[in-house]
Structures are given as C-alpha cells and as structure tokens.
Amino acid sequence: MARKPNYGFERRQRERAKAEKKAARLEAKARKRERRAAEEGSDDGNGDRAGETPPAPEGAE
C-alpha cells in the first residue's frame, strides 16, 4: 500500500534546505569580502582601490 503524501511537510523540508543553502552562500560571500578587505588594507598602495579618484590624463588641467 502506498503512503499518503504529506505535501505540507515536504514543502517545509524543501524550504528549510533552501534557506540553509542560501545562508551558507551568504556567509561564504561575507568571509570572502572580509578576506579581500584585509588584503587591500595590507596593500602597498600600488593597486587600484575603490573610492579613489583616478589620476588626471596628461595635458588636462
């Protein structure tokens, strides 16, 4: 005999798994962002950084 489907429970399980996966992705992105910020903080100043204005082209005043 086949079992009676419990659609509500199965849907909650899928939604819970999806939420856990999304939280794990967001956490990984946050760690990556922090790691990049730490690397930029220890930069020797030769690279481009966000928020800085680029140098003016030659001949422009």
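The values are calculated or read from the model by the stated rules, or taken from the named source; none is laboratory data. Note that this is a predicted model, so its numbers are computed, not measured. In this analysis, Cβ positions are derived from the backbone assuming ideal geometry, glycine residues included, and neighbour counts consider all displayed protein chains.
List every residue pair whose Cβ atoms sit under 8 Å apart, with the two residues 6 or more apart in sequence or on different chains, where the first one lies in segment 13-29 and is on the phi > 0 side of the Ramachandran plot and the second, anywhere, is not in a helix (DSSP H, G or I).
none
ALA2 - would you say it is among the hydrophobic types (A, V, I, L, M, F, W, C), loosely packed, with under 10 Cβ neighbours inside 10 Å and either at pLDDT 85 or above or assigned to a loop (DSSP other than H, G, I, E, B) (or both)?
Spelling it out, ALA2 is indeed among the hydrophobic types (A, V, I, L, M, F, W, C), loosely packed, with under 10 Cβ neighbours inside 10 Å and either at pLDDT 85 or above or assigned to a loop (DSSP other than H, G, I, E, B) (or both).
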